Amino acid sequence: MNSKSARHYTRVNFQRDVHLDFDGKKYIHNTVNNLSLGGLYVKGRFEQQKGDICTVELSNPENSFGVELRARCAVVRVNDDGIALEFTSMGHESFLFLQTTLLYEAEDPMQLGAEFVKDISFELEPDDDE
């Protein structure tokens, strides 16, 4: 979602509860508007600036799996409607959840699947239990 990768990845509509933590400044129960292999757009009002770093946690209140995706992100855009975040790092389990979700929600899973074999724009980290 930086200038080099703006709209580089296919976006899918994805409505899910998300929590953002900017080193203590927390935004709880905001809603993801769309999701891609490169990042996500979260609806709401934010007092952040381009370049700020946060931890993102996605969970589904309808199941007991807990946090399904945890990632570090950088703010790439803030406007009156929400905030655009670019993934900078995430664990393997979160990456698997991201891939599965994108394929399930995509209008054209084959096109999206081709993106998975390209270079990803973030760092994959070991999961906490590895």
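When Ala114 is tested against (1) of a type in the set (A, V, I, L, M, F, W, C); (2) surrounded by fewer than 14 Cβ atoms within 10 Å (Cβ to Cβ); (3) in a strand (DSSP E or B), exactly one condition is not met: (3).
When Glu86, Glu62 are checked against the criterion of being without any contact (Cβ under 8 Å) to a residue 24 or more places away in the chain, among the acidic types (Asp, Glu) and more than 20 Å from Asp128 (Cβ to Cβ), a single residue qualifies: Glu62.
Scanning segment 40-81 for residues that are surrounded by 12 or more Cβ atoms within 10 Å (Cβ to Cβ) and on the phi > 0 side of the Ramachandran plot turns up just one, Gly44. Can you find a residue that is of a type in the set (Gly, Ala, Ser) and over 19 Å from Thr10 (Cα atoms) anywhere in segment 49-57? Within segment 49-57, one or more residues are of a type in the set (Gly, Ala, Ser) and over 19 Å from Thr10 (Cα atoms). Return the pairs, sorted by first residue and then second, in which the second residue is among the small types (Gly, Ala, Ser), the first residue lies in segment 17-39 and is within 15 Å of Phe87 (Cα to Cα), the beta carbons are less than 7 Å apart, and the residues are 6+ apart or on different chains. From segment 17-39, the pairs are Gly38/Ser5; Gly38/Ser121; Gly39/Ala84.
Among the numbered conditions (1) assigned to a strand (DSSP E or B); (2) under 21 Å from Asp128 (Cα atoms); (3) of a type outside the set (Phe, Trp, Tyr), the only one that Val32 does not meet is (2).
Screening Leu103 with (1) surrounded by 16 or more Cβ atoms within 10 Å (Cβ to Cβ); (2) in contact with a helix residue (DSSP H, G or I) (Cβ under 7 Å, 6 or more places away or on another chain); (3) modelled with pLDDT of 90 or more; (4) under 20 Å from His8 (Cβ atoms) gives one miss only, at (1).
For segment 101-130, what are the residues that are among the β-branched types (Val, Ile, Thr) and farther than 15 Å from Asn34 by Cα? Break it down into steps so the answer makes sense when it comes.
To start, the set of residues in segment 101-130 that are among the β-branched types (Val, Ile, Thr) comprises 101, 117, 120.
Hits for segment 101-130 are Val117, Ile120.
Of the residues making up segment 77-111, just one is out of contact with any Asp or Glu (no Cβ under 6 Å at 6 or more places or on another chain), part of a helix (DSSP H, G or I) and charged (D, E, K, R), namely Glu105. In the condition set (1) closer than 24 Å to Leu124 by Cβ; (2) in contact (Cβ under 8 Å) with a residue 12 or more places away in the chain; (3) of a type outside the set (D, E, K, R), Thr100 is compliant with all but (2).
The values are calculated or read from the model by the stated rules, or taken from the named source; none is laboratory data. Keep in mind that what you see is a predicted model, and the values were worked out from it rather than measured. Ideal geometry is used to build each Cβ from the backbone, glycine not excepted, and the neighbour counts take in all protein chains shown.
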